[in-house]
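K.L.:
A single structure is presented below for examination.
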Amino acid sequence: WSAACIGRELAETPPREATGLRTRKGTETLLLVEDSDVVRRLLRELLTRSGYKLLEARHGEEALKLSREYPGTIHLLVTDMVMPHLNGRDLARTLLPERPGMKILYMSGYTEEAILKHGVFDPGSAFLEKPFSPGALARKIRELLDVQGDPE
C-alpha cells in the first residue's frame, strides 16, 4: 500500500463527498496505532483535521503504554493489523478489558477474507482494507462512534 495514495487523496478530497453530504466532525479521542511513519503522519493529518483528539503509537506495546497512562476516555482504537512487537488483534484483546467501551477499527493491506482465513481478525470487528480513501475512513469511524448506547 502506497502512502502516496492516501496523501494524494487527502490533497484531492473535496470538502463534500459525491453525495453532497458532509461527514460529521468528531470530538472523540482516538488511539491510532500504525508502524509506518509516513502512513501514521498522513492519518494524523486527516483525523486531526476531522476534529478528533489523537493519541499515536508506532506499535502495540507503545499503544498499551499510552492507553494505560492516559486518564481520559479512548473512544476508538484505530490499529493496523500486522505490526512488530504486538499485532492489532492481540492489542485489542489486551485493551478491551481495560477499556470496555472502546470501539475497534482494524486496518490492513491484506484483504478481510485473507485475515479471517488465517484467524488474525475477529469476525464482527470493523475493518478497512488499505488503500482506502479519506472519506471511507471518516465514514467508518463515524459509523462506529455513532452506535446508540455508547458511553461518552
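K.L.:
Can you run down the residue pairs with Cβ atoms below 6 Å, 6 or more apart or on separate chains, where the first is in the stretch 27-56 and farther than 15 Å from P71 by Cα and the partner is basic (K, R) and surrounded by 15 or more Cβ atoms within 10 Å (Cβ to Cβ)?
P.N.:
E34/R40; D35/R58
K.L.:
State yes or no: is T23 within 24 Å of G109 (Cβ to Cβ), at pLDDT 95 or above and among the hydroxyl-bearing types (S, T, Y)?
P.N.:
Considered against the rule, which asks whether it is within 24 Å of G109 (Cβ to Cβ), at pLDDT 95 or above and among the hydroxyl-bearing types (S, T, Y), T23 comes out as no.
K.L.:
Evaluate the stretch 125-148: report whether one residue or more is modelled with pLDDT under 90 and on the phi > 0 side of the Ramachandran plot.
P.N.:
No - not one qualifying residue is present in the stretch 125-148.
K.L.:
Quick check on my filter: what residues within the stretch 65-96 are in a loop (DSSP other than H, G, I, E, B) and more than 15 Å from D35 (Cα to Cα)?
P.N.:
As a first pass, look at the stretch 65-96 and keep what is in a loop (DSSP other than H, G, I, E, B): 70-75, 81-87, 96.
Selection gives Y70, P71, G72, T73, I74, H75, L96.
K.L.:
Please state which one of E56, E62, E113 is of a type outside the set (A, V, I, L, M, F, W, C), assigned to a helix (DSSP H, G or I) and either modelled with pLDDT under 90 or within 13 Å of the chain's Cα centre (by Cα) (or both).
P.N.:
Within the list E56, E62, E113, the selection yields E113.
The values are calculated or read from the model by the stated rules, or taken from the named source; none is laboratory data. Note that this is a predicted model, so its numbers are computed, not measured. Please note: Cβ atoms are built from the backbone with ideal geometry, for glycine as well, and neighbour counts cover all protein chains shown.
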